[in-house]
1. Here's a check for you: in the stretch 6-65, which residue that is in contact (Cβ under 8 Å) with a residue 60 or more places away in the chain and among the aliphatic types (A, V, I, L, M) is nearest to Leu222 (Cα to Cα)?
2. Considering each residue of the stretch 12-27, count those that are open to solvent by less than 80 Å² (accessible area, probe 1.4 Å) and under 16 Å from Arg43 (Cβ atoms), and give that number.
3. Check whether at least one residue in the stretch 30-51 is open to solvent by less than 70 Å² (accessible area, probe 1.4 Å) and farther than 24 Å from Glu214 by Cβ, and report yes or no.
4. Return the residues of the stretch 181-237 that are polar (S, T, N, Q) and either surrounded by 14 or more Cβ atoms within 10 Å (Cβ to Cβ) or in a loop (DSSP other than H, G, I, E, B) (or both); say none if nothing qualifies.
5. Taking the stretch 155-177 only, how many residues are over 15 Å from the mean Cα position of the chain (by Cα) and surrounded by fewer than 18 Cβ atoms within 10 Å (Cβ to Cβ)?
6. Going by the conditions given, is Ser61 open to solvent by less than 40 Å² (accessible area, probe 1.4 Å) and either more than 25 Å from Ala205 (Cα to Cα) or in contact with an Asp or Glu (Cβ under 6 Å, 6 or more places away or on another chain) (or both)?
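The values are calculated or read from the model by the stated rules, or taken from the named source; none is laboratory data. Note that the coordinates shown come from a computational prediction; the quantities given were computed from them, not determined experimentally. Cβ coordinates were reconstructed from backbone atoms using ideal geometry, including for glycine residues, and neighbour counts include every protein chain displayed. Quick note on the areas: whole protein, heavy atoms, side chains included, nothing else; ligands and nucleic acids left out. Shrake-Rupley method; radii C 1.70, N 1.55, O 1.52, S 1.80 Å.
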Amino acid sequence: MCEVDACGFHPVGYYSKEKYSDVGYNLACILTFPSHQRKGYGRFLIAFSYELTKKEEKVGSPEKPMSDLGQQAYKPYWTSTIVEFLLTTLHNKDQQQLQQSVANKNIANDHGHVEQSSNNYQSNTNDNTTACETTSTATAALILQQQQQPTTKIASSAVSMSIMDIAKQTSIMAEDIIFSLNQLGILKFINGVYFVNASKTVLEALKRKHPVKEPRVDPTKLHWTPFLTDVKRDKFSLHSKKSNVVEENYDADNVTSIGAIGGI
């Protein structure tokens, strides 16, 4: 990685990785030159390594065991990336619910308009009374059916996902996700199953505490062809990962994001 100015290119850091790792390592060595530290370049290189892992359609992790400095570099990246993903998922869920609510309201308004038109038509024409009543009844039945659909608080305010759902979107290895969720204090162990238990307010507070800092990697400008491997034999390929979400009943007033962590 280099800085560029009028005098040319100036190296500021680098990282290395294996073309193929049997243990799923996506980074072997990383270095930022001392004169260019505290500029976010280390975090940028870490994010870059995970963007390459996404191109490979795999999950990855840095070479283990990690040094103390390595943990200090990776923990902020993992926590901020996971919190941002959870908040984005909740935001998308809220948008879908809002769109569905608007659609239902439009249907209800259309029903009122049809009913009013039907009444006006009945007052002017007696011959078509039966046809108008049939149309009004059919529309009312549609609205009644939609209103009688079972709705629960857990469906409207909770999101269920597995650890593999997070891994597939972030390319972070499952064990690193569990470690980060533990560090954030939102991982619960209930009846032998791990659960992410956090309200939207808690996640927003965590985002302020663990922000995604600049500079960021723009994946649209990344042009790279990954090393081809046999997907069936590569246990770190995303295509070999399966989600396993266990549904439970919780108090939706206090829980906004619930995910059973399975399929690890």
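1. Ranking the qualifying residues of the stretch 6-65, first place goes to Leu52.
2. Here the count works out to 5.
3. no
4. Passing the criteria: Gln183, Asn191, Asn197, Ser199, Thr225, Thr229, Ser237.
5. Total meeting the criteria: 3.
6. yes
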